[in-house]
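Structure first, then comments.
The values are calculated or read from the model by the stated rules, or taken from the named source; none is laboratory data. The structure displayed is predicted, hence computed values, not measured ones. Glycine also receives a Cβ, built like all others from the backbone with ideal geometry; neighbour counts cover every protein chain displayed.
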Amino acid sequence: MPTISEQKLIVTKIEELFSQLDAGVGGLKRAQTALKRYRASVLKAAFEGRLVPQNQDDESPRTLLTNFLESNTLEQRIPRKIKPIENISEIVNLPHIPEKWIWIGLSELPLDISDGNYAGNYPKSSDFVSKGVPFIRAVNIYDNYSLDLKDTRYITTELHRKLQRGHLLEHDILIVTRGSIGKLAIVSKSFIDFNINAQLVRINTGNLFFPKFFLYVLASDHCQRQISHLSTGTTLKQLPIRQLRKIRVPLPPYREQIRIADEVDKYLSIIIQVEQLIHKQITWSNNLRQAILAEAFKGGLA
């Protein structure tokens, strides 16, 4: 047992070290906040047409839209009863976009949109197995717009075939519509034909939108504000497909969509790397805090 004077010295040393750690962690958290603002500003610039130059040789988005509507072979058709909110641009303050671009409501397009199975078709606890077809939930969507199979549930192949809704296709965009509404991910080849639960909606835009561009459009503040406004419920917020279809998005020429997505990728790649580094530093600081306490109790700080 250390003496009273030794105890005071230990406490003083701990407070000094913790104060230094707190200052460091505070700086790291401020950097995290700054990165979130920077990410938002990159997306804002992208979808106001300020991130890459326009090319007058690009095909008009009106021609792109016309060709899409004429060649569309999706079984799903436009739900005619759904109408976009007429003053949505005033409500969420949609920005000015380049003259060649157009605003389009998802309700005006025959997009392939579906959610997961629910009610009587939702798998029961006894239906989940240790191996099988992954049953993707909101927890599998990460902040870098990717999917991860950590903490994944699985269903049998037979049940997967029986469940007609929510089968994933390559380039689908997933959006969380219950709980953490607005979180997004893009489906890569390795996740094709997995299943999703009722928290998620999959959107496939065919050849109208470059997939990464459409993902980043939905991630922008412009669309996230619409998502927030269109969400329903009080205790548990949700975004029904009927409401989701009311979102309006910018439609640039297709080649410009690719250029924008490539440029956003470059910025986000750097942002994600720095975010990961900051996260590691915060984790290291928390571990060091525990190590300091352990050393103190062993008498190493006296």
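Numbers below:
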{"quantity": "Verdict on Ser125 being among the hydroxyl-bearing types (Ser, Thr, Tyr) and farther than 19 Å from His171 by Cα", "calculated": "yes"}
{"quantity": "Enumerated helices (runs of 4 or more DSSP H) restricted to segment 141-234, each holding at least 2 residues that are of a type in the set (Lys, Arg)", "calculated": "157-162"}
{"quantity": "Top-ranked residue in segment 96-124 [being assigned to a helix (DSSP H, G or I) and surrounded by fewer than 17 Cβ atoms within 10 Å (Cβ to Cβ); ranked as nearest to the chain's Cα centre (by Cα)]", "calculated": "Glu108"}
{"quantity": "Some residue of segment 125-138 being closer than 26 Å to Asp221 by Cα and surrounded by fewer than 18 Cβ atoms within 10 Å (Cβ to Cβ)", "calculated": "no"}
{"quantity": "Subset of segment 70-100 [modelled with pLDDT of 55 or more and over 28 Å from Leu169 (Cα atoms)]", "calculated": "Val92, Asn93, Leu94, Pro95, His96, Ile97, Pro98, Glu99, Lys100"}
{"quantity": "When residues of segment 57-67 are limited to those that are assigned to a loop (DSSP other than H, G, I, E, B) and under 19 Å from Glu263 (Cβ atoms), the one farthest from the chain's Cα centre (by Cα)", "calculated": "Asp57"}
{"quantity": "Breaking point among (1) assigned to a helix (DSSP H, G or I); (2) touching a Ser or Thr at 6+ places or on another chain (Cβ under 9 Å), for Ile258", "calculated": "(2)"}
{"quantity": "Selected residue [assigned by TED's automatic domain parsing to the domain that holds Val139 and over 30 Å from Glu158 (Cα atoms)] from Pro253, Pro240", "calculated": "Pro253"}
